[in-house]
Amino acid sequence: MEYWTSVANQHSEYWLRPLHPVVPPTPASARAIAAAYWTSLVESLKGAVRAEGDPLGPIRLVVARSGIEILRFAEAQVDEVAGGIEVGFPITGGQACSGAAGELRIVAAVEGERVRLGVVVDGYRPRFERLKATTFPIAAPYTLVQHLVHRFVTTRSLRRIAAVIDPIPVAPPPIDTGGRLEGVRVGVVGASGYIGRRLVPELRDQGATVRAIVRRPNADLERVRDVEVVPGDALDRESLDRAFADLEVVFWLVHSMGSGGDFAELDRRAAANCAAAAAQASVRQIIYMGGLGDDEPDLSHHLQSRHETGAVLAEGSVPVTTLRAAMVIGQHSASFQMMRDLVHRLPAMVTPRWVTTRSQPIAFADLRDYLVGVCDLPGAFGRTLDVGGPDIMTFQEMMERTAVLAGRRKPMILPVPVLSPKLSSLWCGFVTDVDTKIARPLVEGLRNETICLNDDILRLVPKGRMSFDDAVRRALVGVPARY
């Protein structure tokens, strides 16, 4: 038995409009764009029909078992258009069409601050002639046009292309301290933590003599050139006395949230040890990382503890510079990890009503620069400085934006008034990779508005700031540590 069918000329378009800024595609990026589409095409065929050739052609689609050629494409033609390029694949033949039959085009062009991505099939005349009964059920569903009209496959193809032409956002250039830190002896307590590990090499590169102070041996830090690694336990005053000897500036980046129990009391004791050891060593500045939030009666236990820690440090004789931040957007930031895992694993979620509270997240790169910028800066001595990014958002808005930037649908979020912090933290601990002992104070802190109440840092350390979208995109891709 044989089958025959033909359809009049077709024009089909499938478009995706990414939501974040991109660079204009150029002819030099044509191969990468075509390769992204090719990868999606090959993966979608799954064996019954295979693709042969090269991302820029020629390309053949053939029935895997019989070898019957369904469609054949000539080499791609790359044309420059306004704001970008078009990669065109002429359809030159195959059993699914008679003779030359239009073309497939991948369009990538910037319109304003956004890019328009699309796959266009124009002038295609699908046709089957003399296909055997055993071949037709395999060949027919896998013609190019039928492959493209499957929305999931098409969208996946375009997302691959978007990832190729949309580079990781570049952080603002490091601040210029003008050589102010040259030779300054700086100690970083908590150097093995997320912030400390990335702050240490930056201080070194600015000319400081850096001492990494850690509670336990750290193989990564041991490999960092020109950095001294010494033991120091925040709860052991004598170990801090030894670690602070001859230092001029101390960064205090430790907290006890992961210890469970009364972490606030542990942080107060540790802060008292730091203040006393710094005074004995004649340190001239302590730099402390605190949390945003008003001193209001219903302030969360976590944020109260951060404020109390800063107050205990300030009771000593050494001037303290406190930088107060909300959520830090970075690959290994606990609060960002929790948000990322939620939107990756849950298409819908019931949340505390606090997710509608406003916050002012900050990109890790900006926080690091502010920490470096206030180091040994006389104008910052004894001051509390609020630091944040340019965007003020609710936690719900942040989750929705993170989902979109990760290539996923916005989650359905239902805020309810009855979900307690304990239940929320247990749920987050089950769904995400963040430890429940850390998740609970983070979730509890969502009920408090955390936005900057002063902008003094913008004048003390002038620099560009990354948007929330760019910070998330960098965090999702991951920027490796510099050692």
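In the range 202-212 there is at least one residue that is in a helix (DSSP H, G or I), modelled with pLDDT of 90 or more and within 23 Å of the chain's Cα centre (by Cα). For the range 310-334, a residue qualifies if it is part of a helix (DSSP H, G or I), closer than 20 Å to Val387 by Cβ and out of contact with any strand residue (DSSP E or B) (no Cβ under 7 Å at 6 or more places or on another chain), and the qualifying residues are Ala311, Ala334. Say whether the condition of being modelled with pLDDT of 70 or more and surrounded by 18 or more Cβ atoms within 10 Å (Cβ to Cβ) is met by at least one residue in the range 138-152. No, because not a single residue in the range 138-152 is modelled with pLDDT of 70 or more and surrounded by 18 or more Cβ atoms within 10 Å (Cβ to Cβ). Quick check: is even one residue across the range 197-215 farther than 29 Å from Leu303 by Cα, assigned by TED's automatic domain parsing to the domain that holds Gly373 and touching a Ser or Thr at 6+ places or on another chain (Cβ under 6 Å)? Yes, the range 197-215 contains a residue that is farther than 29 Å from Leu303 by Cα, assigned by TED's automatic domain parsing to the domain that holds Gly373 and touching a Ser or Thr at 6+ places or on another chain (Cβ under 6 Å). Of the strands (runs of 3 or more DSSP E) lying entirely inside the range 53-102, none contains at least 3 residues that are modelled with pLDDT of 90 or more and not assigned by TED's automatic domain parsing to the domain that holds Val120.
For the range 15-52, the set of residues classified as farther than 25 Å from Ile70 by Cα, surrounded by fewer than 13 Cβ atoms within 10 Å (Cβ to Cβ) and modelled with pLDDT of 75 or more consists of Pro27, Ala28, listed by residue number. For residues that are small (Gly, Ala, Ser) and not in a helix (DSSP H, G or I), scanning just the range 459-476, find the one that is surrounded by the most Cβ atoms within 10 Å (Cβ to Cβ). Checking each candidate, the answer is Ser467. For Phe364, indicate whether it is in contact with a Pro (Cβ under 9 Å, 6 or more places away or on another chain) and touching a residue at least 60 places away in the same chain (Cβ under 8 Å). It is false that Phe364 is in contact with a Pro (Cβ under 9 Å, 6 or more places away or on another chain) and touching a residue at least 60 places away in the same chain (Cβ under 8 Å).
Taken together, the residues in the range 25-52 that are part of a loop (DSSP other than H, G, I, E, B) and in contact (Cβ under 8 Å) with a residue 60 or more places away in the chain amount to 2.
Here Arg401, Arg409 are screened, and the one residue that is part of a loop (DSSP other than H, G, I, E, B) and in contact (Cβ under 8 Å) with a residue 60 or more places away in the chain is Arg409. On inspection, Leu371 fails the criterion of being hydrophobic (A, V, I, L, M, F, W, C), in a strand (DSSP E or B), modelled with pLDDT of 95 or more and surrounded by 15 or more Cβ atoms within 10 Å (Cβ to Cβ). Is the range 258-272 home to any residue that is in a helix (DSSP H, G or I), assigned by TED's automatic domain parsing to the domain that holds Val230, at pLDDT 85 or above and polar (S, T, N, Q)? No, the range 258-272 contains no residue that is in a helix (DSSP H, G or I), assigned by TED's automatic domain parsing to the domain that holds Val230, at pLDDT 85 or above and polar (S, T, N, Q). Just one of the listed residues (Met327, Met338, Met289) is farther than 19 Å from Leu453 by Cα and either assigned by TED's automatic domain parsing to the domain that holds Glu265 or modelled with pLDDT of 80 or more (or both), namely Met338.
The values are calculated or read from the model by the stated rules, or taken from the named source; none is laboratory data. Just so it is clear, the model here is predicted, and its values are computed rather than measured. Every residue, glycine among them, receives a Cβ derived from its backbone with ideal geometry; neighbour counts consider all protein chains shown.
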